[in-house]
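Written below as structure tokens is the structure these notes are about.
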Amino acid sequence: MKYNAARRAKLVDLEPMLRMPKRPGHNSVGKRSLAFCHPNHSRETLEAYFGTFPQAMFVSEEEDQIISFACAIRTSGKLIQKPIVWSDATGEGATLNHDKNGAWLYVSRLAYTTGPGHAHVSKEIGPLLVSLKDLTVRLNLQGVAFPTRFSGFRERSGTTEFQRSTIDDKGSLERSGLRPLGIAFQAGFEHEIALPNYLGDGKHFAMMVWRNEQGQKPRT
């Protein structure tokens, strides 16, 4: 499936972005619902992103309303290769572990909704990933790191070994193509490592990465 790019967030989007977790909005069919939001996006936090690295803030829209957004920072490849938790990777609160010389984009904050009657979030996730990949190419970076949760029972399952056996099964990814994990796979991302207890709430994530084949070489 091919997705159109999301647009870059503007300061005028700040209020809708802050409202979205509590008021996901609606479309011509009915009310939207919040599918995922982590962590809570305070005004101070989003203002810090606008002030630090606004180029990597994107929103996806439907019927002139924001249905998802993502914020990313630049980081080193070392964070991509270790199963560390969210707070260690990205910084808590309004503190950003943003390295202006970092060779990777790391999706550090994400919120998306789902429309009434829809079991998938392809138009919420897909455009964000397209824009992040485009930014990676423009900045000549090595790639994009996208931590995403396992759906249903998988996010509560017991071991890293189980997660890896699930995520490495391309058939499984294709069958889950309308969930964030499968959407990332369709967008050219591959599984890098499992992230047990990524948010500190007992749920498990997968680190999905897209590598820019023409990007800068790793720093030595």
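Only the coordinates and a few stated rules stand behind these numbers; no lab work does. These numbers come from a predicted model, not from an experiment. We place every Cβ from the backbone using ideal geometry, glycine too, and count neighbours over all the protein chains shown.
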- Candidates per trypsin sites (Lys or Arg not before Pro) in segment 1-92, loop by DSSP, up to 10 other Cβ within 10 Å: Lys2, Lys22
- Message: Run the numbers for Glu44 and Asn197: contour at 0.36 nm per residue of separation, minus the present Cα-Cα distance, in nm.
- Response: 52.5 nm
- Query: Between Gln81 and Glu190, what length comes free when the chain is fully extended (0.36 nm per residue of separation minus the Cα-Cα distance, one decimal in nm)?
  - Reply: 37.9 nm
- Query: Going by the alpha-carbon gyration tensor, a ≥ b ≥ c the square roots of its eigenvalues, is segment 33-132 rounded (a/c under 1.5) or, if a/c is not under 1.5, prolate (a/b greater than b/c) versus oblate?
  - Reply: prolate
- Query: Which order do Ile66, Ile183 fall in if you start with the one that has the fewest other Cβ atoms within 10 Å?
  - Reply: Ile66, Ile183
- Task: Set the Förster radius R0 to 25 Å, insert the Cβ-Cβ distance between Arg19 and Gln55 as r into 1/(1 + (r/R0)^6), and round the FRET efficiency to 0.05.
- Result: 0.60
- Task: Starting from the amide H of Arg149, placed 1.01 Å from N in the peptide plane, find each other amide H under 5 Å away whose residue is 5 or more places distant or on another chain.
- Result: Ala206
- Note on the structure: Note: Asp64 to Asp134 extended length (0.36 nm per residue) minus current alpha-carbon separation gives 22.9 nm
